Amino acid sequence: METGGPLVAMLNEKDALQFDLHSSDRIKIRQGRKLETVLLNITSSKLIPKNTIGLFEEVFKAMKFDPRVKVTITPARKPLSIEFIKKKLEGHRLTREEIHQIVWDIVHNKLDTTELAFFVAAAYSRSLDRQETIWLTQEMTAHGDILKPNAYPVMDKHCVGGVAGNRTTMIVVPIIAAAGLTIPKTSSRSITSPAGTADTMEVLANVCINLKKVTKTIKKTKGVIIWGGALNLAPADDKIIHVEKPLSIDAKSQLLASVIAKKASVSATHLLIDIPFGPGSKIPTARKANILKKDFMEITRTLGMKTHVMLTDGTQPIGHGIGPALEAKDVLYVLTNHEKAPNDLKRKSIKLAGKMLEMAKVTKNGQKMARELLTSGKAHKKMIEIIKAQGTRITDPEKIKLAQFSFDQRATKSGKIASISNDAISKIARIAGAPRDIAAGVYLYHHKNDKVKRNDIIYTIYAESKHRLKFAKEIAKAQHGITIR
């Protein structure tokens with residue numbers, strides 16, 4: 001049995017009473033020269049007999065204990081980092097050494113889920129200052145592997161999120177790689193959205209590949225689009241994201257550290273940051289977007305990265321598809337210059353890729369070059385190369401299957417679409433099953449300022465079950481999501 005992270009042992013209640021041990025205490029387990037400190041759970045003697053200790057899989061993997069040989073146990077103190085987490089919860093500034101200890105304990109599974117959640121809560125409610133964020137970034141990078149492409153420049157990009165369907169990475173990467181530049185793109189799975197880039201790319205190719213294969217693929221194709229969690233790159237970040245997910249929170253200091261640590265771990269020299277802002281997005285105002293821009297610029301400068309931050313429109317979803325399969329269709333339609341390609345996704349991808357080409361100094365007119373690489377089919381050819389190198393699943397957008405149950409949401413009146421809520425559309429897609437059900441989600445037929453007539457289809461909801469569809473329809477009715485005037 002696995003815990004999913006923390007190192008845990010189990011004692012029966014009689015042994016625990018004898019040693020005056022309680023659940024969540026720490027104990028040291030020794031077998032010869034092997035020693036490990038673990039979290040303790042107490043159970044009945046029916047599960048764990050007296051004078052026996054139960055070790056979860058993570059402990060066996062960490063220490064390679066021999067189950068036939070006796071072990072000794074002694075009480076142990078709690079990790080030092082718990083005191084530092086309490087310190088931050090009380091609003092005090094952490095030192096570099098304290099942040100080092102917290103990250104070390106996270107990476108080595110010394111904190112249980114509750115303790116890690118308190119660190120996330122502390123950073124969320126008592127935000128880390130810029131220097132603390134720099135230290136957190138450096139420690140997260142140091143406690144993990146470093147990908148070292150034999151190239152210069154090494155390009156990378158990141159979007160802070162909050163906009164449904166904003167799948168520009170899967171178009172930008174093949175454009176940049178087709179220009180002969182190296183771009184090792186590690187992406188995340190969904191935290192609060194209906195799909196992360198890794199979820200969408202996984203429809204087309206394998207995204208869980210080891211460091212050796214990543215290096216080989218980059219050498220061959222110049223680019224990859226993979227799930228960062230499959231590698232040991234800034235592993236503390238993935239553990240923090242796992243805790244953030246149930247509460248749908250994303251503290252600014254951890255967002256900065258998370259993004260920059262991942263970029264540092266792939267040896268990025270040139271970085272483009274996309275910050276969508278506007279009502280209904282993660283960053284609601286231009287003021288907050290500019291503060292975040294300044295933070296990114298200053299922190300990346302300390303790490304020697306050449307960074308450009310673009311503030312973009314985050315007031316509505318981008319593209320037609322919201323959900324892994326639907327977004328993968330959009331991406332392939334754009335790359336193949338298909339008539340079904342969403343123009344807003346195409347325009348934004350060209351804009352971002354163009355700026356990256358200018359940053360790398362391969363051209364003075366980046367958007368022109370990016371458009372040519374896209375319309376000529378070179379970017380699509382490069383994407384097929386990347387997909388094959390990672391492990392092909394599908395390359396034809398028409399063969400991507402959508403969920404079997406669907407519902408058309410129609411306009412209740414004629415007029416112009418005044419607004420589309422990112423939050424509402426994302427929630428509908430998630431209730432429908434995305435991203436867990438890769439074929440579920442929402443397909444948008446219209447965007448802001450489009451004119452519609454009464455009874456026109458505004459969007460279609462796709463779900464894998466009638467129950468999911470029913471819940472999504474109820475949310476759509478309650479949330480509205482689209483305003484027509």
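The values are calculated or read from the model by the stated rules, or taken from the named source; none is laboratory data. Keep in mind that what you see is a predicted model, and the values were worked out from it rather than measured. Ideal geometry is used to build each Cβ from the backbone, glycine not excepted, and the neighbour counts take in all protein chains shown. SASA here: full protein model, heavy atoms, side chains in, ligands and nucleic acids out. Shrake-Rupley method; radii C 1.70, N 1.55, O 1.52, S 1.80 Å.
Residue-by-condition table, conditions (1) in a helix (DSSP H, G or I); (2) at pLDDT 90 or above; (3) within 24 Å of G144 (Cβ to Cβ); (4) within 28 Å of the chain's Cα centre (by Cα):
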| position | (1), (2), (3), (4) |
| --- | --- |
| V38 | no, yes, yes, no |
| L47 | no, no, no, no |
| A62 | yes, no, yes, yes |
| R68 | no, no, no, no |
| I102 | yes, yes, yes, yes |
| D105 | yes, yes, yes, yes |
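Let's see how each residue does on (1) within 26 Å of I171 (Cβ to Cβ); (2) not β-branched (V, I, T):
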position	(1), (2)
I400	yes, no
I417	yes, no
K427	yes, yes
D437	yes, yes
A440	yes, yes
Y445	yes, yes
K448	yes, yes
K466	no, yes
Checking the structure you have, find out if any residue of segment 70-92 is modelled with pLDDT of 95 or more, open to solvent by less than 80 Å² (accessible area, probe 1.4 Å) and not in a helix (DSSP H, G or I).
no
From the residues in segment 279-332 that are under 30 Å from R393 (Cα atoms) and assigned to a strand (DSSP E or B), which one is nearest to the chain's Cα centre (by Cα)?
I322
With E98, E115 as the choices, which residue is open to solvent by less than 40 Å² (accessible area, probe 1.4 Å) and more than 25 Å from the chain's Cα centre (by Cα)?
E98
Filter segment 162-196 down to the residues that are of a type in the set (G, A, S) and in a helix (DSSP H, G or I), then identify the one that is nearest to K148 (Cα to Cα).
A177
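Yes or no, residue by residue, for (1) surrounded by fewer than 22 Cβ atoms within 10 Å (Cβ to Cβ); (2) modelled with pLDDT of 95 or more; (3) of a type outside the set (D, E); (4) part of a loop (DSSP other than H, G, I, E, B):
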| site | (1), (2), (3), (4) |
| --- | --- |
| I417 | yes, yes, yes, no |
| R430 | no, yes, yes, no |
| P435 | no, yes, yes, yes |
| V442 | no, yes, yes, no |
| H467 | yes, yes, yes, no |
| K470 | yes, yes, yes, no |
| A478 | yes, no, yes, no |
| T483 | yes, no, yes, no |
So for segment 264-280 (the condition being touching a Pro at 6+ places or on another chain (Cβ under 9 Å) and closer than 30 Å to K448 by Cα), does at least one residue qualify?
yes
Among P194, P174, which is the only one that is touching a strand residue (DSSP E or B) at 6+ places or on another chain (Cβ under 7 Å), over 30 Å from P279 (Cβ atoms) and crowded, with 24+ Cβ neighbours inside 10 Å?
P174
Residue count, segment 342-373, condition outside any helix (DSSP H, G or I) and either within 23 Å of L332 (Cβ to Cβ) or open to solvent by 60 Å² or more (accessible area, probe 1.4 Å) (or both), comes to 5
Are any of the residues in segment 202-225 closer than 21 Å to L255 by Cα and at pLDDT 95 or above?
yes
Taking S406 as the residue in question, decide whether it is under 27 Å from the mean Cα position of the chain (by Cα), modelled with pLDDT of 95 or more and under 19 Å from P324 (Cα atoms).
no
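Take D25 and tell me if it is more than 25 Å from I82 (Cα to Cα) and either surrounded by 12 or more Cβ atoms within 10 Å (Cβ to Cβ) or among the aromatic types (F, W, Y) (or both).
No; evaluated as a whole, the condition is false for this residue.
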Just checking, how many residues over segment 226-242 are over 13 Å from the mean Cα position of the chain (by Cα) and at pLDDT 95 or above?
0
Is there any pair linking a residue in segment 453-472 that is at negative phi to one that is surrounded by 17 or more Cβ atoms within 10 Å (Cβ to Cβ) and among the acidic types (D, E), with Cβ under 9 Å and at least six apart or on different chains, and which?
Y462/D437; A463/D437; E464/D437; S465/D437; R468/D437
Going by what's in this entry, would T315 be described as β-branched (V, I, T), within 29 Å of A424 (Cβ to Cβ) and open to solvent by less than 70 Å² (accessible area, probe 1.4 Å)?
yes
Select from segment 197-212 the residues that are part of a helix (DSSP H, G or I), open to solvent by 30 Å² or more (accessible area, probe 1.4 Å) and free of Cβ contacts under 8 Å to residues at least 40 places away in the same chain and list them in ascending order.
K212
Would you tally the residues in segment 374-393 being touching a residue at least 12 places away in the same chain (Cβ under 8 Å), over 27 Å from the mean Cα position of the chain (by Cα) and open to solvent by 60 Å² or more (accessible area, probe 1.4 Å)?
2
Checking K222, K252 in turn, the sole residue that is surrounded by 23 or more Cβ atoms within 10 Å (Cβ to Cβ), in contact (Cβ under 8 Å) with a residue 40 or more places away in the chain and in contact with a helix residue (DSSP H, G or I) (Cβ under 8 Å, 6 or more places away or on another chain) turns out to be K222
